[in-house]
1. Under 30 Å from the Cα of K31, which lysines turn up, not counting those fewer than eight places away in the same chain?
2. Nearest 10 degrees, 0 to 90: what angle lies between the long axis of helix 235-244 and the longest principal axis of the chain (Cα atoms)?
3. Between L261 and residues 5 or more places away or on another chain, which pairs have amide H atoms under 5 Å apart, with H built 1.01 Å from N, and which residues are they?
4. Pulled fully out, how much extra length does the chain show between Q84 and Q60, if you take 0.36 nm times their separation in residues and subtract their Cα-Cα distance?
5. Counting pairs of alpha carbon atoms under 8 Å apart in space and at least six apart in sequence, what relative contact order in percent does the chain give?
6. Note down the magnitude of the dipole of the chain about its Cα centre, charges +1 on Lys and Arg C-beta and -1 on Asp and Glu C-beta and zero elsewhere, to the nearest 20 debye.
7. Net charge within 14 Å of L178 by Cβ-Cβ distance, Lys/Arg positive one each and Asp/Glu negative one each, not counting L178 itself?
8. Pop the C-beta distance of Y163 and Q24 into the FRET formula with R0 = 25 Å and round what comes out to the nearest 0.05.
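Values quoted throughout were computed directly from the atomic coordinates according to the rules given, and no laboratory measurement underlies them. Here the structure is a predicted model, which means the values were calculated and not measured. Cβ sites come from the backbone with ideal geometry, for glycine too, and all protein chains shown count toward neighbours.
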Amino acid sequence: MNGSPFFGYCGTTVASQLPIAPYQLPPVDRKWVPTGNQAPPSSIIRHPNLFDDVLPDVDQTFPIRRSRSASRGWQAKLPSKKLQRTVRARSHLEQRAFERCEVDGNIIRYCEQPISFQYVDSNGTFRTHTPDLYYETSNYQSFVEIKWESDARSERNETRWPYIGLSVAALGFCYEVLTERHILCRPLADNVSELLRFRRFEPVSATYRDCITGILRKKPLSLGDVVSLLPGVEMAGLYRGLVDGWLSTNLEVPLSAQSILRLSEARRQNQ
């Protein structure tokens with residue numbers, strides 16, 4: 001995948017007499033790509049779980065918070081199979097974005113609140129910004145702010161996004177502002193919710209996993225074809241493989257027996 005997984009097509013189901021839900025409106029593309037032409041941000045602090053090869057020259061880290069009091073706001077905990085740790089979300093929309101990262105085989109790894117840094121705003125004042133998410137694919141690395149569209153398009157925020165985005169771009173990374181129009185669009189959000197139902201299902205055996213890996217290494221196949229070729233494998237086991245991150249499919253079309261299975265980016269890199 002050459003671009004951001006979050007900036008795919010978010011189609012709407014045509015229903016002539018029904019109003020379009022706000023999250024089904026076209027997403028606004030607020031994205032900055034690496035330029036190398038601007039001064040990088042200063043005073044960078046890392047999340048203790050941010051991967052060592054991302055900004056390796058930055059040593060200072062956030063203090064680790066193992067709990068969050070009610071006075072610090074709402075928080076959800078997501079046990080991550082992909083990261084082998086618990087991920088903490090500070091809003092419902094963040095939680096849904098992290099769930100997408102968890103089950104999308106194109107996303108190799110991710111981290112919440114990855115860094116905090118200072119940038120210079122339109123008035124020449126130093127401001128501090130902490131992106132909500134870092135994620136990467138085989139050829140794409142991005143820091144992300146997650147906002148509801150009504151908040152993202154406020155005058156204050158629309159003014160500051162370019163200054164933040166260019167600061168991150170100067171570090172050699174993409175910067176994106178994602179809203180419910182990216183995260184909750186259908187059928188993407190429905191597919192993520194459906195896959196998460198299979199977290200507790202029995203995974204396929206190691207033998208079948210090796211068989212499926214060998215088959216998909218040759219060419220992608222539909223879920224139905226894999227089940228037909230390997231009668232001992234059930235659809236639920238393949239869905240569990242998607243959740244566990246060694247299988248991948250296009251989440252922007254409805255999941256079905258015709259969904260095309262591939263090995264995930266992380267699985268292909270480890271071969």
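1. Candidates past the 8-residue exclusion: K77, K81, K82, K147.
2. 30 degrees
3. The answer is L221, S222, L223.
4. 6.3 nm
5. Working: 474 pairs, mean separation 63.3, N = 271.
About 23 percent, as a whole number.
6. My answer is approximately 600 debye.
7. -4
8. 0.25
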